[in-house]
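The values are calculated or read from the model by the stated rules, or taken from the named source; none is laboratory data. None of these values were measured; they are calculated from a predicted model. Note that we place each Cβ from the backbone using ideal geometry, even for glycine, and neighbour counts take in every protein chain shown.
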Amino acid sequence: MEAGADEVLAGARLDGCRVVRTPARESGVGSSLRAGLAALAAPTPPTAALVALVDQPFVGAAAMARVAAVCDSPDVLAAASYRGARGHPVLLGAAHFAGVTAGARGDRGARDYLRARADRLTRVECGDVGSPEDIDHPADLGRLSEPPPHR
């Protein structure tokens, strides 16, 4: 985890959450996705996993709930869409965990896996309740006090 992770975790409300530290975070998002999916394997695998990016704070709970609501089986593949563009969160049915894990390398998470299965991917429009804008640099932090961009 990045420098300062312990301080962030100490101040975060994580009731009901399990924190998974990624041993090779520097190698890219692929290692984080692999670690998260591996942690779900025990004791009882879930039907699906909802995957979100921590640098997109404007996605919000409403978009997460909307995408999660389409979970109907371990075969589900779904993603939020923002004015027609695929984004996060992404819902991965458990039947896809092994395939996603195999392709998650470097800065590639599930993107290639989802692209290869675009015909099976359910897109859930979330542009009215969220925004996929990133907060990537210290200069971006000021935007957190502004009204959400989707409103």
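Annotations
- Per this entry, R66 is counted among residues that are part of a helix (DSSP H, G or I), under 25 Å from C126 (Cα atoms) and of a type in the set (D, E, K, R).
- For the criterion of being modelled with pLDDT under 85 and in a helix (DSSP H, G or I), E2 fails.
- Any hit, region 29-38, residues being within 20 Å of R108 (Cβ to Cβ) and hydroxyl-bearing (S, T, Y): yes
- Boolean, V54 is loosely packed, with under 13 Cβ neighbours inside 10 Å and under 14 Å from the mean Cα position of the chain (by Cα): yes
- In this structure, V54 does not satisfy being in contact (Cβ under 8 Å) with a residue 12 or more places away in the chain and of a type outside the set (D, E).
- Odd one out for L37, checked against (1) in a helix (DSSP H, G or I); (2) farther than 19 Å from V19 by Cα; (3) of a type outside the set (S, T, Y); (4) touching a residue at least 24 places away in the same chain (Cβ under 8 Å): (2)
- When region 10-34 is filtered for residues that are assigned to a loop (DSSP other than H, G, I, E, B) and either of a type in the set (D, E, K, R) or within 13 Å of A98 (Cα to Cα) (or both), the ones remaining, listed by number, are R13, D15, R18, R21.
- When residues of region 5-28 are limited to those that are within 16 Å of the chain's Cα centre (by Cα) and surrounded by 12 or more Cβ atoms within 10 Å (Cβ to Cβ), the one modelled with the highest pLDDT: V20
- Taken together, A79, A104 contain a single residue that is surrounded by 13 or more Cβ atoms within 10 Å (Cβ to Cβ), under 23 Å from D136 (Cβ atoms) and either under 11 Å from the mean Cα position of the chain (by Cα) or acidic (D, E) (or both), which is A79.
- Filter result for A38 (modelled with pLDDT of 90 or more, surrounded by fewer than 16 Cβ atoms within 10 Å (Cβ to Cβ) and of a type in the set (G, A, S)): yes
- Meets criteria (closer than 17 Å to R66 by Cα and among the β-branched types (V, I, T)) for T122: yes
- Selection within region 102-151 - of a type in the set (D, E), touching a residue at least 12 places away in the same chain (Cβ under 8 Å) and part of a loop (DSSP other than H, G, I, E, B): D107, D128, E133, D134, D136
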